[in-house]
Amino acid sequence: MHLTRFSVANIIAKLKEINPAINWAYRKPFPKEEDRWLSHYRFRRQFVAVNDDGSVQGGLSQLVASTIDFSFVRSISADAYSTFGGPCYDPVSLYVLDLFRYLDKIPDIKHFCEILRDPVWGQSYRIFAGLQEGWIPCRATFTNFRTRLAEKRYQEIFHAVVTLVEKLGLLTYTILATDGALYPSAARYRGCCCFNDSCASITVDNITQKVRDRVLHRIEDPAQVVLGKECRVRSDCSNPKFPEGVKRPKITIMSFTLENASEELSAVDSNNLKFFRVEEPLAQHGLV
């Protein structure tokens, strides 16, 4: 394999054609007028500097922000917004900020918001996300944004990104599994040769108890709880056709975050607390 086709220069050259093609496929107009936006994301192609050790100056977020145009997120999010109501952040701004936080491995959303407000450390994030002076999102803004978009729109954004990566030639097979979650796309999970129809109905015993135990474990030491940090409940793959002698991968059953109880809960979140029998122990610590 000639790895030169995956060099930064070649990827940038390919993205000059791929970015417009992806955004052309998503053209639903955003309902709110621009003068009612609290931010405005605009893709700005930037020079990408590579260090001698092969790392990118500024990290992964700098590389992604400088090469990939995420404007399509605005069209995918459009039907979650109304022409009425008050001003709002550009959904692309919030999406890319959440992505940058993940790429730069900042698990605490509260700490990330503090970085955004820092005149120096948050400058590049603010510029790439198109944040306006004086309007910096808080933790609740990101929580409300995820609730507004819901899983269906996040899945659509995910598949748009997968299409982009596929066009770059980085994916070549039929299944992609990320941290144990299965997605039909264009790659395969490293080490697993059993993806077949049975994977659509993997059974896991005692799911509710596993989730409850995970929540209770997280609050054993309240001082160590990080609000907004994703916690995952995992189990060994139970596929009966998995080869003997091969370590079974972990599959993600569910993920959750812990938040202050002062924030208003959706009906789904409220029902989840009761279903997993964690409402009372969390309430003792002022958490949901």
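Here, each number is a calculation from the coordinates, and none is a lab measurement. All values derive from a computational prediction rather than experimental measurement. Note that each Cβ is placed from the backbone with ideal geometry, even for glycine, and that neighbours are counted across all protein chains shown.
Can you bin the range 198-288 into rounded, prolate or oblate? Criterion: square roots of the alpha carbon gyration tensor eigenvalues sorted a ≥ b ≥ c, rounded for a/c under 1.5, prolate for a/b above b/c, oblate for the rest.
Verdict is prolate for the range 198-288.
Rounded to the nearest 0.05, what FRET efficiency do residue 64 and residue 270 give with R0 = 41 Å and r taken as the Cβ-Cβ distance? Could you check?
Once rounded, the FRET efficiency stands at 0.70.
Take the cross-link list 14/229; 152/229; 16/229; 210/247 and give me the ones stretching past 27 Å between alpha-carbons.
Cα-Cα > 27 Å for 14/229; 16/229; rest within.
On a straight-distance basis, which aspartates and glutamates could pair with residue 110 in a cross-link, Cα separation under 17 angstrom, same-chain partners fewer than 8 positions away excluded?
In chain and number order, the partners are 98, 118, 230, 259, 263.
From the backbone phi of the range 27-39, what are the Karplus-calculated ³J(HN,Hα) couplings (6.51 cos²θ - 1.76 cosθ + 1.60, θ = phi - 60°) in whole Hz, Gly and Pro given as x?
10, 5, x, 7, x, 8, 5, 4, 6, 10, 8, 8, 8
Just want the ordering: 89, 26, from fewest to most Cβ atoms lying within 10 Å of their own Cβ.
Ascending Cβ contact count within 10 Å gives the list 26, 89.
What is the order of 84, 100, fewest Cβ neighbours within 10 Å to most?
The most exposed by this proxy come first: 84, 100.
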